Amino acid sequence: MADIRSAPGRSPAWHDSSGSFSNFEFIDAGFGSHSILRRIFSLARKAKYGGFLIERIAESDCALLAAENAALAQRHPDFQSSEVTRFSFFTGSDQNAPGLFLGYAIFKLDRFSDRTFGHVFEAVMSPARSRAHNNFTHCCRTYRVRTAIGEFSVTGVLYAQQNDATFVCAHVALRSMLACLLPEGDATYSEINRHAGVDHADPNRQVGSGKGLRTQQIEAVLRAFGLTPRIDVHEPGTLELPPGLEFQRLLYDFIESGRPALLGFELAPDHATGERSRHAIPIFGHTFNEDLWVPEAERQYFAHDRGFFPSESWLSTYVVHDDNFGPYVCLPRYYLNRDQFRLLVGCHEAPVQLPAAEAETLAIDIATFIAEQMPLSDVPWFERFRAFARSSLLVLRAQIVSADIYSAHLRALRDRDGFNLEPDLLAALGANFPARGWLVEVSAPELFPGTRAKFGEIIVDATVSQPTADLLRSIRLPGHVLYLQTGQFQVSRTRLVGHTPLFAYSSA
């Protein structure tokens, strides 16, 4: 079989994890007290798992496993064999009625002549928290797993742990990224190594034992898979990030548009040698604090006023995988600072050229102009928009979308009275959509964080790098729609007169 998810499992054994079952005792006894397994079992417990299935995966049943072991033997001639265990987690305590499938984990124990090394080769668990808990994971994928008791599906973000021999932290970060971006939902380490130019037999082209992937190799891998990465490097004294460019904002722009990013940072110096190593992690979501003090305080107390509230002001933490700590861990915003930051890699969909910050600047200028120039309206929610725009109190949130995605969002919109957008206006807005556009949602501080609603949105062409008024494509606000027609903006009335829900890439 080409992957471990579909490989047949041998010697299946069901474990009832309800009642007095102890995750710690089970992992201590059979899996060397492995900390990442403990984390995964903890996530299963958080999801209220009632039982799990254990199966052994044989090298002869899985081509991917055979290839990985061959590479490991090439890298370390003293490699002897591996033992692979697949865990499948369910809500039910009885294998005849397993209930909901919560996810799986593949644990690989590699044996060498003088040691053993265990690691989680891959895992996909359903996120324990969702939008209802103010957690937003925008790029989950669905994976099918074949087990001895049937086939099951789980939706989540692929996690993996390095073996520090044939693949390192950059490999597992890339694999998580690619799993979110590729149509097939996965990439193998042999593919990544081939595109990166890694040769396990050549000491000058090996990885592991302190040797990682260089930035150029990471870029080569992404381009080989048909992606166009944006890469921001910060190396003090040689290649520094421009002073006005904030990597936190760039990171937010990727993940808010449903695209994962790879973040690289420098560690504290080694006590013995003084050398500083690097680490890379994939970031794919964020948490949201609707009661955050920062947005208002930034403007009123500390004079950091952009003329509007960026939606990222309510971001609390980033949701990340770390191969040292486990899946779905939270990295507080601004915990990593500019001094530690070294690399950010993300991939917007082609042909995106305009940065989100430029799109928001253009959008706030347009919103202010409309508030000042349009005549008084009989639509109360439009007049509320006008009041917030004139007071520089709008909230803006930018995301890259396509015409199809935007049209689907428009079709689903309903205000609180149940009114939707007229079909002719929906068609006009779809027809004016660029190849890729920034959907800049326009909201208010009392509307955006708590109600998760907006006045409307401004569509800006994302395929041109220079921000000019010509990039404006359409505007939808309560009771009003503006769109291009024969080179001129047409203003139309709509029955959709109330606030509407924010755009969401997924329910996760």
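A few comments on the model shown:
- Note on W314: accessible area is roughly 10 Å² with a 1.4 Å probe, heavy atoms of protein only.
- Residue-normalised accessible area of region 290-361, given per residue in Å² at a 1.4 Å probe: 47 Å²
- Sites listed here are trypsin sites (Lys or Arg not before Pro) in region 221-278 whose DSSP assignment is loop and whose Cβ has at most 12 other Cβ atoms within 10 Å: R276.
- Electrostatic tally near A13: other residues with Cβ closer than 12 Å to its Cβ, Lys and Arg +1, Asp and Glu -1, net +1.
- In the context of the full set of protein chains, region 1-152 has a per residue accessible area of 43 Å² (1.4 Å probe).
- When Y328, Y505, Y189 are compared by accessible area at a 1.4 angstrom probe, the order from most to least is Y505, Y328, Y189.
- Across the protein chains, with a 1.4 Å probe defining accessible surface, the residues F31, F385, F24 rank F24, F31, F385 from largest area downward.
- Take every pair of alpha-carbon atoms less than 8 Å apart whose residues are at least six positions apart; their mean separation over the length of region 241-394 yields a relative contact order of 24 percent.
- Computed in the context of the full set of protein chains, the accessible area of the chain at 1.4 Å probe radius has 51% of its extent on carbon or sulfur.
- From the alpha carbon centroid of region 231-303 to that of region 349-381 is 27 Å.
- By the beta carbon rule, with partners counted only under 4.7 Å, the chain holds these lone Cys residues: C62, C140, C169, C330, C347.
- Rolling a 1.4 Å probe across the protein heavy atoms gives region 181-275 an accessible surface of 49 Å² per residue.
- Computed with a 1.4 Å probe on the full set of protein chains, the accessible area for D186 sits at about 30 Å².
- Computed on region 160-313, with alpha-carbon pairs under 8 angstrom and 6+ residues apart, the relative contact order is 19 percent.
- Mean separation of Cα contacts under 8 Å, 6 or more apart, over the residue count of the chain: relative contact order %: 11 percent
- Environment charge at R342 (Cβ cut-off 13 Å; Lys +1, Arg +1, Asp -1, Glu -1): -1
- Along the chain, longest interval not containing exposed GluC sites (Glu not before Pro), exposed being DSSP loop plus at most 16 other Cβ atoms within 10 Å: 1-183
- Among C180, C330, the order of accessible area from largest down is C330, C180, computed with a 1.4 Å probe on protein heavy atoms.
- In this Cβ point-charge picture (+1 for Lys and Arg, -1 for Asp and Glu), region 393-508 has a dipole of about 180 debye about its Cα centre.
- Given a 1.4 Å probe and the protein chains as shown, K46 ends up with an accessible area of around 90 Å².
The values are calculated or read from the model by the stated rules, or taken from the named source; none is laboratory data. Only a predicted model underlies this, so the values are computations on that prediction, with no experimental measurement involved. Counting neighbours? That spans all protein chains shown, and the Cβs are built from the backbone with ideal geometry, glycine included. Just the protein is used for accessible areas: all its heavy atoms, side chains included, with ligands, DNA and RNA removed. Shrake-Rupley method; radii C 1.70, N 1.55, O 1.52, S 1.80 Å.
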